[in-house]
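*Asks:* Can you keep this structure in mind? I'll have questions shortly.
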Amino acid sequence: MNDRYQSPLSERYASKEMQYIFSPDKKFKTWRKLWIALAETERELGLDIGQEQIDELKAHMDDINYDVARERERLVRHDVMSHVYAYGQQCPKAKGIIHLGATSCYVGDNTDIIIMAEALKLVKRKLINVMAKLAGFADAYKDQPTLAFTHFQPAQPTTVGKRAALWLHDLSLDLEDLEYVQSSLKLLGSKGTTGTQASFLELFDGDHDKCRRADEMIAAKMGFETCYPVSGQTYSRKIDTRVINVLAGIAQSAHKFSNDVRLLQHLKEVEEPFEKDQIGSSAMAYKRNPMRSERIASLSNYVMSDVMNPMLVASTQWFERTLDDSANKRLSVPEGFLAVDGILDLYLNVVDGLVVYPKVIEKHFMAELPFMATENIMMDAVKAGGDRQELHERIRVLSMEAARNVKEKGLDNNLMELIAADAAFGLSMEELKKAMEPARYVGRAPQQVEEFLDGVIRPILEENRMDLGMTAEITV
């Protein structure tokens, strides 16, 4: 197979479980389940279909004769009718009632919905597990002071755990979107060639109630509550857009996380896992490149750009349907899911092995803290009898001098020494050090983390506790 294109999504990134959901086996076995559901429904609603025919269909539900279907498709150029033919070869007694009254979208579109619903379940499971790992990390480091950054410039401190809570909050929003779309998915049902159910109205001798019931009965047999109330030949292609939007939302969150990890790794404060025999660079042997986070970003870019595909398909469909959706859907929907599957495996792997370097964090923190402590120092000096306006000006001048020492001379920040030497403040170095306690500057960050975990995340994890415990296997 090395002489033809192989998708990196299946070769390098996506799990076997997600690959199976979008496999030919899953697709065509679902087609056969739908044909059985249709035949059973038509029998139950009074059509002349025997139980022996149903049993024959069920006996060959999983042993698909792919060779017959492939050979037939070369002749007739129609995938659905080729599989109807192949199924009929195995089920001679039921041959005449397979696909009765249906159009190709009966199996094609209903299967697409079924597969997307199942794929969303796997995405949700992985998302929940990433959230659980992030929650543990946020809790463990909720009290660890660290520099916060706005515009990637040092800003008022936060904690390592609070930053992780921001990543976690993004994922909780993605989970809300996923569950909403998941709960809204319905089957197409048995709507016929233009969505009017004309063929079924003919089969049921003009009985509108039986046509309505057929949809509901098929939906129930396939594990859905109901079908979309109206359609053309296909379900509205906006459904695909809604689904891919969910995947793109997860990709956005993952990309943000990967950006932050890569920046933190540059600062040597936090690192993604790096294995014993892993090579960071072919030239620079000492390097520890954040390749997992980079891959998250790369795959996320692909998923976010994939949103345009279902949008273009939905907006350019003509009337009750055109077939220019087909090739696009075969690529954009599966590959969006396969890519997000790889992203979540990487995310889980990175969070599970994140390495934190408190000493480096403290060093960076303390290098900037003198500037951030000046407000508190000024208040202490005023309490001791100083003039607020005069002290403000003195701090401004001394801060600029200390900044020049750091930026122009490469020296350590000596602002505290400069203040201690200035009689206007009347504060000793010992008194100034009391103002430099890092925990004084993180505000409510530790409490915010605990309140967020208790109020939002832990109830989610408890509700989904049966899905916890997944691990991620990264193949390359």
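*Asks:* From the list V307, V350, exactly one residue is surrounded by 20 or more Cβ atoms within 10 Å (Cβ to Cβ), touching a residue at least 40 places away in the same chain (Cβ under 8 Å) and under 30 Å from I115 (Cα atoms). Which is it? So that I can check it myself, show each step before the final result.
*Replies:* Numbers: V307 fails: surrounded by 20 or more Cβ atoms within 10 Å (Cβ to Cβ).
So the residue among V307, V350 that is surrounded by 20 or more Cβ atoms within 10 Å (Cβ to Cβ), touching a residue at least 40 places away in the same chain (Cβ under 8 Å) and under 30 Å from I115 (Cα atoms) is V350.
*Asks:* Okay, moving on. Taking the criterion of being closer than 25 Å to V270 by Cα, modelled with pLDDT of 85 or more and outside the structural domain of L427 (by TED's automatic domain parsing), would at least one residue in region 385-407 satisfy it?
*Replies:* Narrowing region 385-407 to residues closer than 25 Å to V270 by Cα: 406-407.
After this cut, where a residue has to be modelled with pLDDT of 85 or more as well, the list is 406-407.
Still in the list and also outside the structural domain of L427 (by TED's automatic domain parsing): none.
Within region 385-407, not a single residue is closer than 25 Å to V270 by Cα, modelled with pLDDT of 85 or more and outside the structural domain of L427 (by TED's automatic domain parsing).
*Asks:* Just to check your reading of the model, which residue among K26, K93 is assigned to a helix (DSSP H, G or I) and modelled with pLDDT of 95 or more?
*Replies:* Numbers: K93 fails: assigned to a helix (DSSP H, G or I).
Being assigned to a helix (DSSP H, G or I) and modelled with pLDDT of 95 or more holds for just one of K26, K93, which is K26.
*Asks:* Another question, then. Does region 211-241 hold any residues that are hydrophobic (A, V, I, L, M, F, W, C) and over 16 Å from S184 (Cα atoms), and which are they?
*Replies:* Taking region 211-241 as the starting set, the residues that turn out to be hydrophobic (A, V, I, L, M, F, W, C) are 211, 214, 217-220, 222, 224, 227, 230, 239.
Scanning region 211-241 gives C211, A214, M217, I218.
*Asks:* Would you check if there is a residue in region 6-27 being outside the structural domain of S326 (by TED's automatic domain parsing) and farther than 23 Å from V123 by Cα?
*Replies:* Among the residues of region 6-27, at least one is outside the structural domain of S326 (by TED's automatic domain parsing) and farther than 23 Å from V123 by Cα, which makes the answer yes.
*Asks:* Report every pair of residues separated by at least 6 positions or lying on different chains whose Cβ atoms are under 7 Å apart, first residue within region 420-432 and within 16 Å of E393 (Cα to Cα), second at pLDDT 80 or above and surrounded by fewer than 11 Cβ atoms within 10 Å (Cβ to Cβ).
*Replies:* Final answer for the pair search is A420/S428.
*Asks:* Of all residues in region 439-476, which are assigned to a helix (DSSP H, G or I) and exposed (fewer than 14 other Cβ atoms within 10 Å of the Cβ)?
*Replies:* Restricting attention to region 439-476, the residues satisfying the condition of being assigned to a helix (DSSP H, G or I) are 439-441, 445-463, 465-467.
A439, Q447, E451, D454, G455, P459, E462, E463, R465, M466, listed by residue number.
*Asks:* Something else: For region 328-335, state whether one or more residues are hydroxyl-bearing (S, T, Y) and part of a helix (DSSP H, G or I). Let's see the steps before the verdict.
*Replies:* At the first step, the residues of region 328-335 found to be hydroxyl-bearing (S, T, Y) are 332.
This time we only want the ones that are part of a helix (DSSP H, G or I), so: 332.
Yes, region 328-335 has at least one match.
*Asks:* Same structure again: With respect to E417, is the statement that it is farther than 30 Å from A132 by Cβ and either part of a loop (DSSP other than H, G, I, E, B) or not assigned by TED's automatic domain parsing to the domain that holds Q265 (or both) true? Steps first, please.
*Replies:* Working: farther than 30 Å from A132 by Cβ: yes; either part of a loop (DSSP other than H, G, I, E, B) or not assigned by TED's automatic domain parsing to the domain that holds Q265 (or both): yes.
The answer is yes for E417.
*Asks:* Still on this structure, please answer the following. What are the pairs, 6+ residues apart or on separate chains, where a residue within region 110-134 that is part of a helix (DSSP H, G or I) and at pLDDT 95 or above has its Cβ under 6 Å from a residue that is crowded, with 22+ Cβ neighbours inside 10 Å and hydroxyl-bearing (S, T, Y)?
*Replies:* Here the result reads V130/Y347, each pair linking region 110-134 to a residue that is crowded, with 22+ Cβ neighbours inside 10 Å and hydroxyl-bearing (S, T, Y).
*Asks:* Could you give every pair whose Cβ atoms fall below 8 Å, whose first residue belongs to region 313-325 and is of a type in the set (D, E), and whose second residue is surrounded by 13 or more Cβ atoms within 10 Å (Cβ to Cβ) and in a helix (DSSP H, G or I), counting only separations of at least 6 or pairs across chains?
*Replies:* D324/V313; D325/V313
*Asks:* Can you pull out the residues in region 80-109 that are free of Cβ contacts under 8 Å to residues at least 24 places away in the same chain and in contact with a helix residue (DSSP H, G or I) (Cβ under 6 Å, 6 or more places away or on another chain)?
*Replies:* S82, Y85, A86, G88, K95
*Asks:* While we're on this one: Which of the residues spanning region 1-44 are among the aliphatic types (A, V, I, L, M), under 21 Å from D62 (Cβ atoms) and within 31 Å of the chain's Cα centre (by Cα)?
*Replies:* From region 1-44, those among the aliphatic types (A, V, I, L, M) are 1, 9, 14, 18, 21, 34, 36-39; that's our starting set.
Now restrict to residues that are under 21 Å from D62 (Cβ atoms): 18, 21, 34, 36-39.
Of everything in region 1-44, those that are among the aliphatic types (A, V, I, L, M), under 21 Å from D62 (Cβ atoms) and within 31 Å of the chain's Cα centre (by Cα) turn out to be M18, I21, L34.
*Asks:* Which residue out of L187, L168 is hydrophobic (A, V, I, L, M, F, W, C), over 27 Å from T41 (Cα atoms) and surrounded by 22 or more Cβ atoms within 10 Å (Cβ to Cβ)?
*Replies:* Details: L187 fails: over 27 Å from T41 (Cα atoms).
Within the list L187, L168, the selection yields L168.
*Asks:* Whether any residue in region 251-260 is assigned by TED's automatic domain parsing to the domain that holds V351 and either touching a strand residue (DSSP E or B) at 6+ places or on another chain (Cβ under 9 Å) or at pLDDT below 95 (or both) is what I want to check.
*Replies:* Keep residues of region 251-260 that are assigned by TED's automatic domain parsing to the domain that holds V351, which gives 251-260.
Restricting the remaining residues to those that are either touching a strand residue (DSSP E or B) at 6+ places or on another chain (Cβ under 9 Å) or at pLDDT below 95 (or both) gives 260.
Yes: region 251-260 contains one or more residues that are assigned by TED's automatic domain parsing to the domain that holds V351 and either touching a strand residue (DSSP E or B) at 6+ places or on another chain (Cβ under 9 Å) or at pLDDT below 95 (or both).
*Asks:* Which is farther than 27 Å from S236 by Cα, in a loop (DSSP other than H, G, I, E, B) and among the charged types (D, E, K, R), of D139, D67, D143?
*Replies:* Details: D139 fails: in a loop (DSSP other than H, G, I, E, B); D67 fails: in a loop (DSSP other than H, G, I, E, B).
Sole residue among the options that is farther than 27 Å from S236 by Cα, in a loop (DSSP other than H, G, I, E, B) and among the charged types (D, E, K, R): D143.
*Asks:* Another question, then. Name every residue in region 77-87 that is surrounded by fewer than 17 Cβ atoms within 10 Å (Cβ to Cβ) and either modelled with pLDDT of 95 or more or assigned by TED's automatic domain parsing to the domain that holds T111 (or both), in order of residue number.
*Replies:* Going residue by residue through region 77-87, those that are surrounded by fewer than 17 Cβ atoms within 10 Å (Cβ to Cβ) are 77-78, 81.
Hit for region 77-87 is M81, nothing else.
The values are calculated or read from the model by the stated rules, or taken from the named source; none is laboratory data. Predicted model only: the values in this text are computed from it and were never measured. Cβ: placed from backbone, ideal geometry, glycine included. Neighbour counts: every protein chain shown.
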